[in-house]
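The structure appears right after this line, and notes come after that.
The values are calculated or read from the model by the stated rules, or taken from the named source; none is laboratory data. The shown structure was predicted, so the numbers you read here are calculated from the model rather than taken from an experiment. Reconstructed Cβ throughout: ideal geometry from the backbone, glycine too, with neighbour counts over all protein chains shown.
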């Protein structure tokens with residue numbers, strides 16, 4: 001029954017005791033449930049029990065009782081043989097003596113680390129066996145992440161320490177977006193370690209605004225890495241040329257001499273690095289490795305622009321696709337914090353967002369967990385009329401930095417010339433109130449016209 005003992009000298013009995021503690025000790029479970037995985041356990045029925053514990057805890061924030069696990073098994077496990085084996089396992093787990101609980105809890109993190117280390121070594125061996133030279137830089141990352149499982153950064157500080165630094169006007173050292181109205185509301189822009197998300201339906205201008213942000217930061221002397229998955233690199237290059245020259249992409253070939261002459265004045269500022277990567281095959285760990293590699297080559301990256309987050313895969317398999325999407329966003333935030341860079345990305349709006357006058361956070365496509373992570377979410381909406389006129393409605397729907405619920409109606413948003421400007425703003429509540437008033441006026445005007453028509457004499 002014990003099978004292969006992945007954890008060496010602790011083996012099968014330890015795993016029984018560990019499951020016992022996860023069910024009986026709420027505080028212990030809370031401390032380790034996010035770290036421990038079902039795959040760490042040798043026996044397939046242990047794996048099933050562990051998965052039940054994790055899913056129950058995620059839903060109710062407490063570990064399940066033995067009675068609850070019995071009921072879950074009866075309802076969700078279709079195989080009679082599997083049910084019988086799980087019931088036997090649960091009995092063994094329940095009857096497990098309690099005297100070793102402190103020792104088990106002490107060793108639990110080491111258990112997780114060793115299992116992750118084995119997984120990392122397997123990955124490293126595969127890279128070596130395949131001769132995948134491009135992946136060699138990941139080996140260190142795999143081992144480091146395995147060793148750091150469950151570790152918490154030492155972040156405790158004295159509330160009254162370093163007050164001279166805290167009280168500096170520029171203590172955040174923000175990187176501006178270049179869009180004045182937005183930067184004013186973000187206290188100058190996003191700072192290192194912060195991430196922002198542009199939310200919009202397809203075809204509205206996510207790539208345009210991300211390119212605008214990247215270009216603005218470069219012009220201010222920051223080093224920018226712009227990663228994209230769908231556009232041709234030449235398209236992105238032409239967008240930047242438009243920002244610098246004021247000449248639209250479709251005119252640049254015919255006005256080549258003029259473009260080259262104007263572009264010469266932009267040399268020697270920050271660095272603007274563009275990288276096209278394959279869509280739906282990359283993970284955030286691979287993105288982080290690329291940023292770290294650039295930094296190791298003495299290119300201090302200040303801003304990472306990721307066009308866009310939905311094109312990335314989670315680093316591991318999830319039973320629920322939505323959980324994976326939320327995980328990718330959390331990894332993006334963690335990467336920016338660890339590497340001390342600003343992060344901007346974009347997310348696709350759902351079907352509701354297509355016809356909405358103002359796109360709100362709940363219209364983000366896929367998992368709502370993505371919306372829970374970012375420091376700032378800025379939405380973009382365009383009606384057909386606005387598209388024709390080069391306008392858009394931009395809203396700050398979430399902000400940990402400044403005010404949110406702020407709407408810029410009918411902003412200049414020119415996809416051809418990458419010109420974006422925000423002027424008059426109002427709150428979402430004011431916008432709704434004003435629209436109700438306008439609708440009421442339209443109704444009254446229509447009624448007046450109708451009454452005038454009715455009261456006109458015939459003939």
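Within the stretch 355-396, track down each residue that is out of contact with any strand residue (DSSP E or B) (no Cβ under 8 Å at 6 or more places or on another chain) and under 28 Å from residue 284 (Cβ atoms). Selection gives 362, 367, 368, 369, 372. Just so you know, in the stretch 291-303 the residues that are outside any loop (DSSP other than H, G, I, E, B) and touching a residue at least 40 places away in the same chain (Cβ under 8 Å) include one that is surrounded by the fewest Cβ atoms within 10 Å (Cβ to Cβ), and it is 293.
Would you mind telling me which numbered condition in (1) at pLDDT below 90; (2) part of a helix (DSSP H, G or I); (3) under 27 Å from the mean Cα position of the chain (by Cα) residue 36 fails? Only one criterion in (1) at pLDDT below 90; (2) part of a helix (DSSP H, G or I); (3) under 27 Å from the mean Cα position of the chain (by Cα) is unmet by residue 36, namely (2). Of 222, 198, all but one fail to be surrounded by fewer than 23 Cβ atoms within 10 Å (Cβ to Cβ) and either in contact (Cβ under 8 Å) with a residue 60 or more places away in the chain or within 28 Å of residue 388 (Cα to Cα) (or both); the exception is 222.
The set of residues from the stretch 365-402 being modelled with pLDDT under 85 and touching a helix residue (DSSP H, G or I) at 6+ places or on another chain (Cβ under 6 Å) comprises 366, 367, 369, 370, 371, 373, 402. May I ask you to list the residues in the stretch 39-50 that are within 18 Å of residue 84 (Cβ to Cβ) and either in a helix (DSSP H, G or I) or outside the structural domain of residue 64 (by TED's automatic domain parsing) (or both)? Those that are within 18 Å of residue 84 (Cβ to Cβ) and either in a helix (DSSP H, G or I) or outside the structural domain of residue 64 (by TED's automatic domain parsing) (or both): 44, 45, 46, 47, 48, 49. For the stretch 309-338, filtering for residues that are in a loop (DSSP other than H, G, I, E, B) and at pLDDT 80 or above leaves 1. Only one entry in 73, 29 is modelled with pLDDT of 85 or more, in a helix (DSSP H, G or I) and within 24 Å of residue 327 (Cβ to Cβ), namely 29. Out of all the residues in the stretch 241-258, is one or more within 20 Å of residue 342 (Cβ to Cβ) and in contact (Cβ under 8 Å) with a residue 40 or more places away in the chain? Among the residues of the stretch 241-258, at least one is within 20 Å of residue 342 (Cβ to Cβ) and in contact (Cβ under 8 Å) with a residue 40 or more places away in the chain, which makes the answer yes.
So residue 11 ticks every box in (1) surrounded by 14 or more Cβ atoms within 10 Å (Cβ to Cβ); (2) touching a helix residue (DSSP H, G or I) at 6+ places or on another chain (Cβ under 9 Å); (3) under 25 Å from residue 119 (Cα atoms) but one. Which box is left unticked? All conditions are met except number (2).
Of all the residues in the stretch 167-190, those that are in contact with a strand residue (DSSP E or B) (Cβ under 7 Å, 6 or more places away or on another chain) and part of a loop (DSSP other than H, G, I, E, B) number 4. Residues in the stretch 57-67 that are surrounded by fewer than 18 Cβ atoms within 10 Å (Cβ to Cβ) and within 16 Å of residue 46 (Cα to Cα) were compared, and the one that is farthest from the chain's Cα centre (by Cα) is 66.
Taken as a whole, the structure places residue 280 among residues that are under 27 Å from residue 205 (Cβ atoms) and loosely packed, with under 12 Cβ neighbours inside 10 Å.
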